[in-house]
Amino acid sequence: MSEFDNPYRAAPGSEPPALAGRDAELEAIKYAIGMTKTGAAAQSVVLIGLRGMGKTAVLRRCIAGLHDEGGIALYVQASADLRLATILRRAIERFKNDNASIPDTLRSAFDGFIKALPQAAYELPSGLGGVKLSRHEQREEEEIVDALEALNTAVRKHGRFLLLAVDEIQECPPADLQMLIALAHQTASTSEPVFLLGAGLPESIAYLHKIRTFTERWRYFRLELLTKTETIRAIDEPAIERNVICEHAALERLVSETRGYPLFVQEYACATWIHHRGNRIDLEDVIAVAPAVRKTINGSFYDGRFRGLTPRECRYVLALDALGEGAHSVAEIAAELGTTSDAVSSTRNQLIKKDVVYAPSGGLLEFRMPLTNRYIAEHRLDLKKRAQAVGG
Ligand SMILES: Nc1ncnc2c1ncn2[C@@H]1O[C@H](COP(=O)(O)OP(=O)(O)O)[C@@H](O)[C@H]1O
Ligand SMILES: [Mg+2]
(Lines give C-alpha, C1' and ligand atoms only; values in the text may rest on other atoms or scores of the structure.)
(Ligands and ions follow the chains in the order given, each with its own letter.)
Protein backbone atom coordinates (compact mmCIF):
# COMPACT_ATOMS: atom_id res chain seq x y z
CA MET A 1 0.00 0.00 0.00
CA SER A 2 1.41 3.36 -0.91
CA GLU A 3 1.26 6.42 1.28
CA PHE A 4 -0.62 8.08 -1.56
CA ASP A 5 -3.46 5.69 -0.88
CA ASN A 6 -4.33 8.01 1.99
CA PRO A 7 -8.16 8.04 2.15
CA TYR A 8 -8.51 11.18 4.26
CA ARG A 9 -9.20 14.57 2.72
CA ALA A 10 -7.90 17.54 4.60
CA ALA A 11 -9.01 20.33 2.28
CA PRO A 12 -12.07 22.55 2.44
CA GLY A 13 -14.83 21.37 0.14
CA SER A 14 -13.28 17.95 -0.36
CA GLU A 15 -15.46 14.91 -0.09
CA PRO A 16 -14.66 12.96 3.08
CA PRO A 17 -14.21 9.20 2.69
CA ALA A 18 -16.97 8.65 5.29
CA LEU A 19 -19.57 11.37 5.72
CA ALA A 20 -20.29 10.68 9.36
CA GLY A 21 -23.09 12.11 11.48
CA ARG A 22 -25.07 13.86 8.78
CA ASP A 23 -27.80 11.28 8.20
CA ALA A 24 -30.67 13.55 9.26
CA GLU A 25 -29.61 16.23 6.78
CA LEU A 26 -29.05 13.73 3.97
CA GLU A 27 -32.44 12.11 4.60
CA ALA A 28 -34.30 15.43 4.64
CA ILE A 29 -32.66 16.56 1.42
CA LYS A 30 -33.23 13.21 -0.25
CA TYR A 31 -36.90 13.45 0.65
CA ALA A 32 -37.15 16.99 -0.71
CA ILE A 33 -35.46 15.89 -3.93
CA GLY A 34 -37.90 13.00 -4.24
CA MET A 35 -40.82 15.42 -3.85
CA THR A 36 -39.38 17.82 -6.42
CA LYS A 37 -38.93 14.98 -8.88
CA THR A 38 -42.62 14.06 -8.67
CA GLY A 39 -43.64 17.67 -9.18
CA ALA A 40 -44.55 18.53 -5.59
CA ALA A 41 -42.79 21.52 -4.08
CA ALA A 42 -40.52 20.88 -1.13
CA GLN A 43 -39.42 23.43 1.42
CA SER A 44 -36.01 24.83 0.62
CA VAL A 45 -33.26 23.46 2.85
CA VAL A 46 -30.30 25.48 4.13
CA LEU A 47 -27.31 23.94 5.87
CA ILE A 48 -25.85 26.25 8.46
CA GLY A 49 -22.57 25.92 10.27
CA LEU A 50 -19.22 27.40 11.12
CA ARG A 51 -16.34 26.94 8.70
CA GLY A 52 -15.14 23.39 8.25
CA MET A 53 -18.26 21.78 9.71
CA GLY A 54 -18.97 19.94 6.47
CA LYS A 55 -21.66 22.02 4.72
CA THR A 56 -20.07 21.75 1.28
CA ALA A 57 -19.46 18.03 1.84
CA VAL A 58 -23.19 17.44 2.42
CA LEU A 59 -24.14 19.66 -0.50
CA ARG A 60 -21.83 17.84 -2.86
CA ARG A 61 -22.94 14.43 -1.64
CA CYS A 62 -26.57 15.36 -2.31
CA ILE A 63 -25.94 16.42 -5.86
CA ALA A 64 -23.41 13.69 -6.68
CA GLY A 65 -25.87 11.02 -7.77
CA LEU A 66 -28.56 13.37 -8.93
CA HIS A 67 -27.97 13.02 -12.64
CA ASP A 68 -28.79 9.30 -12.54
CA GLU A 69 -32.04 10.14 -10.76
CA GLY A 70 -33.06 12.53 -13.51
CA GLY A 71 -31.99 15.65 -11.68
CA ILE A 72 -29.91 18.49 -12.98
CA ALA A 73 -27.96 20.20 -10.26
CA LEU A 74 -26.47 23.61 -10.76
CA TYR A 75 -23.88 24.09 -8.03
CA VAL A 76 -22.84 27.68 -7.47
CA GLN A 77 -20.56 29.16 -4.90
CA ALA A 78 -21.87 32.63 -4.20
CA SER A 79 -19.38 35.44 -4.09
CA ALA A 80 -19.78 39.05 -3.08
CA ASP A 81 -17.68 40.06 -6.12
CA LEU A 82 -19.50 38.09 -8.79
CA ARG A 83 -23.00 38.46 -10.10
CA LEU A 84 -25.17 35.39 -10.21
CA ALA A 85 -25.57 35.55 -13.98
CA THR A 86 -21.81 35.06 -14.32
CA ILE A 87 -21.71 32.22 -11.80
CA LEU A 88 -24.73 30.51 -13.37
CA ARG A 89 -23.16 30.74 -16.80
CA ARG A 90 -20.07 28.94 -15.48
CA ALA A 91 -22.18 26.34 -13.66
CA ILE A 92 -24.00 25.51 -16.90
CA GLU A 93 -20.72 25.24 -18.83
CA ARG A 94 -19.36 22.93 -16.13
CA PHE A 95 -22.50 20.83 -16.19
CA LYS A 96 -22.34 20.49 -19.97
CA ASN A 97 -18.68 19.45 -19.82
CA ASP A 98 -19.27 16.95 -17.02
CA ASN A 99 -22.26 15.39 -18.75
CA ALA A 100 -21.28 14.76 -22.33
CA SER A 101 -24.19 12.36 -22.89
CA ILE A 102 -27.06 14.82 -22.43
CA PRO A 103 -29.42 14.99 -25.43
CA ASP A 104 -28.81 17.71 -28.02
CA THR A 105 -32.19 19.33 -27.43
CA LEU A 106 -31.35 19.76 -23.75
CA ARG A 107 -27.90 21.02 -24.66
CA SER A 108 -29.44 23.67 -26.87
CA ALA A 109 -31.82 24.63 -24.02
CA PHE A 110 -28.70 25.26 -21.92
CA ASP A 111 -27.19 27.34 -24.69
CA GLY A 112 -30.43 29.29 -24.97
CA PHE A 113 -30.35 29.88 -21.24
CA ILE A 114 -26.82 31.25 -21.39
CA LYS A 115 -27.81 33.59 -24.22
CA ALA A 116 -30.91 34.76 -22.33
CA LEU A 117 -28.90 35.66 -19.24
CA PRO A 118 -28.21 39.38 -19.09
CA GLN A 119 -24.58 40.34 -19.43
CA ALA A 120 -23.51 41.18 -15.91
CA ALA A 121 -22.88 44.77 -16.88
CA TYR A 122 -24.12 46.49 -13.79
CA GLU A 123 -21.54 47.62 -11.29
CA LEU A 124 -20.59 46.03 -8.05
CA PRO A 125 -21.27 46.01 -5.23
CA SER A 126 -24.90 45.70 -6.18
CA GLY A 127 -27.27 46.64 -3.40
CA LEU A 128 -24.83 45.33 -0.81
CA GLY A 129 -26.04 46.16 2.64
CA GLY A 130 -29.54 46.89 1.43
CA VAL A 131 -32.31 44.94 -0.21
CA LYS A 132 -33.79 47.64 -2.38
CA LEU A 133 -33.14 47.22 -6.08
CA SER A 134 -32.79 49.93 -8.63
CA ARG A 135 -35.20 49.72 -11.56
CA HIS A 136 -32.35 48.68 -13.83
CA GLU A 137 -31.37 45.88 -11.47
CA GLN A 138 -34.97 44.82 -11.11
CA ARG A 139 -35.29 44.40 -14.88
CA GLU A 140 -32.10 42.36 -15.04
CA GLU A 141 -33.23 40.16 -12.13
CA GLU A 142 -36.52 39.57 -13.92
CA GLU A 143 -34.57 38.54 -17.00
CA ILE A 144 -32.60 35.98 -14.98
CA VAL A 145 -35.76 34.58 -13.38
CA ASP A 146 -37.38 34.35 -16.84
CA ALA A 147 -34.32 32.59 -18.24
CA LEU A 148 -34.27 30.13 -15.35
CA GLU A 149 -37.99 29.47 -15.70
CA ALA A 150 -37.58 28.78 -19.41
CA LEU A 151 -34.69 26.45 -18.63
CA ASN A 152 -36.80 24.71 -16.01
CA THR A 153 -39.63 24.16 -18.49
CA ALA A 154 -37.19 22.70 -21.04
CA VAL A 155 -35.61 20.46 -18.41
CA ARG A 156 -39.04 19.19 -17.32
CA LYS A 157 -39.93 18.47 -20.95
CA HIS A 158 -37.02 16.04 -20.90
CA GLY A 159 -38.48 14.36 -17.82
CA ARG A 160 -35.86 15.95 -15.62
CA PHE A 161 -35.92 18.45 -12.79
CA LEU A 162 -33.75 21.31 -11.60
CA LEU A 163 -31.89 21.73 -8.33
CA LEU A 164 -30.03 24.90 -7.47
CA ALA A 165 -27.33 24.39 -4.87
CA VAL A 166 -26.02 27.69 -3.52
CA ASP A 167 -22.95 27.43 -1.34
CA GLU A 168 -21.66 30.32 0.81
CA ILE A 169 -25.14 31.81 0.63
CA GLN A 170 -24.19 34.64 3.01
CA GLU A 171 -21.97 36.01 0.23
CA CYS A 172 -24.77 36.18 -2.33
CA PRO A 173 -25.60 39.82 -3.18
CA PRO A 174 -29.12 40.65 -1.94
CA ALA A 175 -30.47 41.26 -5.42
CA ASP A 176 -29.36 37.82 -6.58
CA LEU A 177 -30.62 36.11 -3.48
CA GLN A 178 -34.02 37.74 -3.89
CA MET A 179 -34.12 36.40 -7.39
CA LEU A 180 -33.31 32.83 -6.34
CA ILE A 181 -35.90 32.94 -3.60
CA ALA A 182 -38.45 34.31 -6.06
CA LEU A 183 -37.73 31.45 -8.44
CA ALA A 184 -38.21 28.80 -5.75
CA HIS A 185 -41.34 30.55 -4.55
CA GLN A 186 -42.91 31.03 -7.97
CA THR A 187 -42.28 27.51 -9.18
CA ALA A 188 -43.53 26.05 -5.86
CA SER A 189 -47.12 26.72 -6.89
CA THR A 190 -46.69 24.89 -10.21
CA SER A 191 -46.17 21.22 -11.01
CA GLU A 192 -42.57 22.03 -12.00
CA PRO A 193 -40.92 23.15 -8.77
CA VAL A 194 -37.23 24.03 -8.60
CA PHE A 195 -35.52 22.87 -5.43
CA LEU A 196 -33.25 25.38 -3.74
CA LEU A 197 -30.57 23.95 -1.47
CA GLY A 198 -28.32 26.36 0.36
CA ALA A 199 -25.34 26.29 2.65
CA GLY A 200 -23.79 29.10 4.59
CA LEU A 201 -22.34 30.53 7.75
CA PRO A 202 -24.71 30.93 10.72
CA GLU A 203 -25.42 34.58 9.96
CA SER A 204 -27.11 33.42 6.73
CA ILE A 205 -30.34 32.79 8.64
CA ALA A 206 -30.72 36.41 9.72
CA TYR A 207 -29.65 37.52 6.24
CA LEU A 208 -32.27 35.36 4.51
CA HIS A 209 -34.98 36.48 6.91
CA LYS A 210 -34.11 40.07 6.20
CA ILE A 211 -34.42 39.50 2.46
CA ARG A 212 -37.73 37.66 2.40
CA THR A 213 -40.07 36.82 5.26
CA PHE A 214 -41.21 33.47 3.92
CA THR A 215 -37.68 32.13 4.19
CA GLU A 216 -38.59 31.70 7.87
CA ARG A 217 -40.55 28.63 6.86
CA TRP A 218 -37.56 27.01 5.17
CA ARG A 219 -35.80 24.13 6.86
CA TYR A 220 -32.51 24.99 8.48
CA PHE A 221 -30.04 22.37 9.67
CA ARG A 222 -27.20 23.47 11.88
CA LEU A 223 -24.17 21.26 11.45
CA GLU A 224 -22.40 20.75 14.76
CA LEU A 225 -19.26 18.95 15.91
CA LEU A 226 -19.40 15.20 15.38
CA THR A 227 -20.07 13.01 18.41
CA LYS A 228 -17.45 10.55 19.62
CA THR A 229 -19.12 7.64 17.79
CA GLU A 230 -19.40 9.69 14.58
CA THR A 231 -15.78 10.81 14.79
CA ILE A 232 -14.63 7.22 15.22
CA ARG A 233 -16.76 6.20 12.23
CA ALA A 234 -15.27 8.98 10.10
CA ILE A 235 -11.75 7.73 10.85
CA ASP A 236 -12.20 4.00 11.29
CA GLU A 237 -14.36 3.14 8.28
CA PRO A 238 -11.99 4.36 5.55
CA ALA A 239 -9.08 2.58 7.29
CA ILE A 240 -10.98 -0.69 7.53
CA GLU A 241 -11.77 -0.44 3.81
CA ARG A 242 -8.02 -0.47 3.24
CA ASN A 243 -7.47 -3.34 5.68
CA VAL A 244 -5.88 -1.08 8.24
CA ILE A 245 -6.83 -1.56 11.88
CA CYS A 246 -7.01 1.48 14.15
CA GLU A 247 -6.04 0.70 17.72
CA HIS A 248 -8.78 1.70 20.16
CA ALA A 249 -6.43 4.00 22.08
CA ALA A 250 -5.45 5.71 18.81
CA LEU A 251 -9.09 6.43 18.00
CA GLU A 252 -9.71 7.71 21.54
CA ARG A 253 -6.78 10.10 21.20
CA LEU A 254 -7.94 11.27 17.77
CA VAL A 255 -11.37 11.98 19.25
CA SER A 256 -9.89 14.10 22.03
CA GLU A 257 -7.48 15.89 19.67
CA THR A 258 -10.13 16.74 17.07
CA ARG A 259 -13.15 17.11 19.35
CA GLY A 260 -15.22 15.98 16.36
CA TYR A 261 -14.53 19.07 14.26
CA PRO A 262 -14.69 17.58 10.72
CA LEU A 263 -11.86 19.68 9.31
CA PHE A 264 -9.54 18.62 12.13
CA VAL A 265 -10.73 15.02 11.92
CA GLN A 266 -9.41 14.91 8.37
CA GLU A 267 -6.20 16.83 9.22
CA TYR A 268 -5.25 14.49 12.07
CA ALA A 269 -6.36 11.31 10.32
CA CYS A 270 -4.43 12.32 7.21
CA ALA A 271 -1.19 12.97 9.14
CA THR A 272 -1.60 9.80 11.20
CA TRP A 273 -2.07 7.79 8.03
CA ILE A 274 1.13 9.15 6.55
CA HIS A 275 2.98 8.19 9.74
CA HIS A 276 1.61 4.66 10.14
CA ARG A 277 3.41 1.60 8.79
CA GLY A 278 1.98 -1.77 7.89
CA ASN A 279 -1.68 -2.39 8.53
CA ARG A 280 -2.07 -0.83 11.96
CA ILE A 281 -2.60 2.67 13.26
CA ASP A 282 -1.39 2.83 16.85
CA LEU A 283 -1.55 5.41 19.60
CA GLU A 284 2.15 6.08 18.95
CA ASP A 285 1.30 7.22 15.42
CA VAL A 286 -1.15 9.80 16.75
CA ILE A 287 1.23 10.92 19.50
CA ALA A 288 4.02 11.32 16.95
CA VAL A 289 2.08 13.59 14.60
CA ALA A 290 -0.17 15.51 17.03
CA PRO A 291 2.22 18.39 17.94
CA ALA A 292 2.94 19.20 14.30
CA VAL A 293 -0.72 19.02 13.31
CA ARG A 294 -1.71 21.22 16.24
CA LYS A 295 0.93 23.72 15.20
CA THR A 296 -0.30 23.77 11.60
CA ILE A 297 -3.90 24.13 12.69
CA ASN A 298 -3.11 26.92 15.12
CA GLY A 299 -1.10 28.66 12.44
CA SER A 300 -3.84 28.42 9.83
CA PHE A 301 -6.90 29.18 11.91
CA TYR A 302 -6.11 30.98 15.13
CA ASP A 303 -2.65 32.56 15.45
CA GLY A 304 -3.27 35.13 12.71
CA ARG A 305 -6.56 36.18 14.26
CA PHE A 306 -5.18 36.47 17.79
CA ARG A 307 -1.71 37.85 17.16
CA GLY A 308 -2.69 41.45 16.56
CA LEU A 309 -5.26 41.85 19.32
CA THR A 310 -5.04 44.97 21.48
CA PRO A 311 -5.21 44.68 25.30
CA ARG A 312 -8.90 45.71 25.21
CA GLU A 313 -9.67 43.11 22.57
CA CYS A 314 -7.82 40.47 24.63
CA ARG A 315 -9.98 41.34 27.62
CA TYR A 316 -13.13 41.10 25.53
CA VAL A 317 -12.11 37.75 24.10
CA LEU A 318 -11.33 36.40 27.57
CA ALA A 319 -14.74 37.57 28.81
CA LEU A 320 -16.54 35.80 25.95
CA ASP A 321 -14.45 32.72 26.62
CA ALA A 322 -15.33 32.77 30.34
CA LEU A 323 -19.03 32.40 29.42
CA GLY A 324 -18.34 29.05 27.75
CA GLU A 325 -18.68 27.73 24.21
CA GLY A 326 -21.40 28.91 21.83
CA ALA A 327 -23.14 32.25 21.33
CA HIS A 328 -23.67 34.74 24.14
CA SER A 329 -25.48 38.04 24.35
CA VAL A 330 -23.39 41.19 24.07
CA ALA A 331 -24.99 42.37 27.33
CA GLU A 332 -23.77 39.24 29.11
CA ILE A 333 -20.25 39.73 27.80
CA ALA A 334 -20.28 43.37 28.88
CA ALA A 335 -21.51 42.31 32.33
CA GLU A 336 -18.63 39.84 32.55
CA LEU A 337 -16.33 42.80 31.88
CA GLY A 338 -18.13 44.86 34.51
CA THR A 339 -19.33 47.44 32.00
CA THR A 340 -22.17 48.16 29.54
CA SER A 341 -22.59 46.93 25.94
CA ASP A 342 -22.31 50.48 24.60
CA ALA A 343 -19.01 51.09 26.36
CA VAL A 344 -17.38 48.14 24.59
CA SER A 345 -19.15 48.39 21.22
CA SER A 346 -16.07 49.62 19.32
CA THR A 347 -13.97 46.73 20.70
CA ARG A 348 -16.74 44.36 19.64
CA ASN A 349 -16.81 45.84 16.13
CA GLN A 350 -13.05 45.58 15.83
CA LEU A 351 -13.17 41.90 16.78
CA ILE A 352 -15.87 41.31 14.17
CA LYS A 353 -13.70 43.06 11.57
CA LYS A 354 -10.73 40.89 12.55
CA ASP A 355 -12.97 37.86 12.07
CA VAL A 356 -12.34 36.64 15.62
CA VAL A 357 -16.04 36.78 16.47
CA TYR A 358 -19.26 37.22 14.47
CA ALA A 359 -22.87 38.03 15.20
CA PRO A 360 -25.10 35.03 14.36
CA SER A 361 -28.13 37.28 14.91
CA GLY A 362 -28.91 40.57 16.59
CA GLY A 363 -27.43 40.93 20.05
CA LEU A 364 -25.49 37.68 20.02
CA LEU A 365 -21.81 36.99 19.55
CA GLU A 366 -19.81 33.80 19.02
CA PHE A 367 -16.23 32.91 18.14
CA ARG A 368 -15.83 32.62 14.37
CA MET A 369 -13.75 29.44 14.44
CA PRO A 370 -14.86 26.25 16.13
CA LEU A 371 -12.81 25.20 19.18
CA THR A 372 -11.56 28.73 19.81
CA ASN A 373 -12.18 28.15 23.51
CA ARG A 374 -9.63 25.36 23.45
CA TYR A 375 -7.10 27.58 21.69
CA ILE A 376 -7.66 30.25 24.35
CA ALA A 377 -7.23 27.66 27.12
CA GLU A 378 -3.83 26.80 25.64
CA HIS A 379 -2.82 30.47 25.35
CA ARG A 380 -4.59 31.89 28.38
CA LEU A 381 -1.50 33.05 30.22
CA ASP A 382 -0.21 34.96 27.22
CA LEU A 383 -3.62 36.49 26.51
CA LYS A 384 -4.02 37.52 30.16
CA LYS A 385 -0.63 39.15 30.13
CA ARG A 386 -1.50 41.04 26.96
CA ALA A 387 -4.92 41.96 28.39
CA GLN A 388 -3.23 43.62 31.36
CA ALA A 389 -0.95 45.77 29.27
CA VAL A 390 -1.65 49.47 29.64
CA GLY A 391 -3.66 51.31 26.96
CA GLY A 392 -5.20 49.87 23.78
N1 LIG B 1 -19.35 14.44 8.17
C2 LIG B 1 -18.04 14.48 8.00
N3 LIG B 1 -17.24 13.51 8.49
C4 LIG B 1 -15.91 13.58 8.31
N5 LIG B 1 -15.28 14.53 7.64
C6 LIG B 1 -16.01 15.52 7.12
C7 LIG B 1 -17.42 15.55 7.27
N8 LIG B 1 -17.90 16.64 6.65
C9 LIG B 1 -16.84 17.29 6.13
N10 LIG B 1 -15.71 16.63 6.39
C11 LIG B 1 -14.36 17.10 6.03
O12 LIG B 1 -14.17 18.32 6.74
C13 LIG B 1 -13.55 19.30 5.93
C14 LIG B 1 -14.43 20.53 5.82
O15 LIG B 1 -15.60 20.22 5.12
P16 LIG B 1 -16.38 21.31 4.24
O17 LIG B 1 -17.53 20.63 3.63
O18 LIG B 1 -15.43 22.02 3.36
O19 LIG B 1 -16.88 22.32 5.40
P20 LIG B 1 -17.66 23.70 5.24
O21 LIG B 1 -18.25 23.72 3.88
O22 LIG B 1 -18.69 23.67 6.33
O23 LIG B 1 -16.65 24.79 5.48
C24 LIG B 1 -13.23 18.62 4.60
O25 LIG B 1 -11.90 18.15 4.68
C26 LIG B 1 -14.21 17.45 4.56
O27 LIG B 1 -13.68 16.37 3.81
MG1 LIG C 1 -17.90 25.10 2.34
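The values are calculated or read from the model by the stated rules, or taken from the named source; none is laboratory data. None of these values were measured; they are calculated from a predicted model. Cβ: placed from backbone, ideal geometry, glycine included. Neighbour counts: every protein chain shown.
A few comments on the model shown:
- One residue stands out in the range 194-218 among those that are touching a residue at least 40 places away in the same chain (Cβ under 8 Å), assigned to a helix (DSSP H, G or I) and out of contact with any helix residue (DSSP H, G or I) (no Cβ under 8 Å at 6 or more places or on another chain): the one that is farthest from Leu177 (Cα to Cα), namely Arg217.
- Checked against the criterion of being in contact with a Pro (Cβ under 7 Å, 6 or more places away or on another chain), at pLDDT 95 or above and not assigned by TED's automatic domain parsing to the domain that holds Leu197, the candidates Ala327, Ala269, Ala288, Ala292 yield just one match: Ala327.
- Scanning the range 89-104 for residues that are in a loop (DSSP other than H, G, I, E, B) and without any contact (Cβ under 8 Å) to a residue 12 or more places away in the chain yields a count of 3.
- All conditions in (1) surrounded by 14 or more Cβ atoms within 10 Å (Cβ to Cβ); (2) not assigned by TED's automatic domain parsing to the domain that holds Ser256 hold for Ile297, with the sole exception of (2).
- Residue list for the range 264-288, restricted to those being touching a helix residue (DSSP H, G or I) at 6+ places or on another chain (Cβ under 6 Å), in a helix (DSSP H, G or I) and not hydroxyl-bearing (Ser, Thr, Tyr): Phe264, Val265, Glu267, Ala269, Ala271, Ile274, His275, Leu283, Asp285, Val286, Ala288
- One residue from Glu168, Glu224, Glu192, Glu216 being more than 16 Å from ligand 1 (Cβ to nearest atom), under 21 Å from Glu25 (Cβ atoms) and surrounded by fewer than 23 Cβ atoms within 10 Å (Cβ to Cβ): Glu216
- Extreme residue, farthest from the chain's Cα centre (by Cα), among residues of the range 361-392 that are within 20 Å of Leu50 (Cα to Cα) and modelled with pLDDT under 95: Gly363
- When Glu168, Glu192 are checked against the criterion of being under 24 Å from Leu66 (Cα atoms), under 13 Å from the mean Cα position of the chain (by Cα) and either in the same structural domain as Val155 (by TED's automatic domain parsing) or of a type in the set (Val, Ile, Thr) (or both), Glu168 stands alone in meeting it.
- Of all residues in the range 105-134, those that are under 30 Å from Ala154 (Cα atoms) have Cβ atoms under 7 Å from Cβ atoms of residues that are modelled with pLDDT under 50, 6 or more apart or on another chain, in Leu133/Gly127.
- Pairs, first closer than 19 Å to Ser204 by Cα in the range 76-88, second modelled with pLDDT of 90 or more and among the polar types (S, T, N, Q), C-beta under 8 Å, six or more apart: Ala78/Gln170
- Within the option set Arg305, Arg294, being out of contact with any strand residue (DSSP E or B) (no Cβ under 6 Å at 6 or more places or on another chain), of a type outside the set (S, T, N, Q) and within 18 Å of Leu365 (Cβ to Cβ) holds for one residue only, Arg305.
- Options Thr340, Thr347; residue that is in a loop (DSSP other than H, G, I, E, B), modelled with pLDDT of 95 or more, outside the structural domain of Leu208 (by TED's automatic domain parsing) and not basic (Lys, Arg): Thr340
- Per the listing Ile235, Ile240, the residue uniquely β-branched (Val, Ile, Thr) and without any contact (Cβ under 8 Å) to a residue 12 or more places away in the chain is Ile240.
- Screening Ala100, Ala32, Ala85 for residues that are surrounded by fewer than 18 Cβ atoms within 10 Å (Cβ to Cβ) and hydrophobic (A, V, I, L, M, F, W, C) leaves exactly one candidate, Ala100.
- Pairs with Cβ under 6 Å, 6+ apart, first in the range 25-41 and within 21 Å of Asn152 (Cβ to Cβ), second outside any helix (DSSP H, G or I) and of a type in the set (Ser, Thr, Tyr): Gly39/Ser191
- Entry remark, the range 38-73: residues being farther than 18 Å from Gly21 by Cα, polar (S, T, N, Q) and either within 7 Å of ligand 1 (Cβ to nearest atom) or part of a helix (DSSP H, G or I) (or both) number 1 in total.
- Only a single item in (1) away from ligand 2 (no atom under 14 Å from the Cβ); (2) in contact (Cβ under 8 Å) with a residue 40 or more places away in the chain is not met by Arg61, and it is number (1).
- Considering Leu74, Leu26, the condition of being touching a Leu at 6+ places or on another chain (Cβ under 8 Å), loosely packed, with under 15 Cβ neighbours inside 10 Å and within 15 Å of Leu197 (Cα to Cα) is satisfied by Leu26 alone.
- Checked against the criterion of being crowded, with 20+ Cβ neighbours inside 10 Å, away from ligand 2 (no atom under 16 Å from the Cβ) and assigned to a strand (DSSP E or B), the candidates Leu163, Leu180 yield just one match: Leu163.
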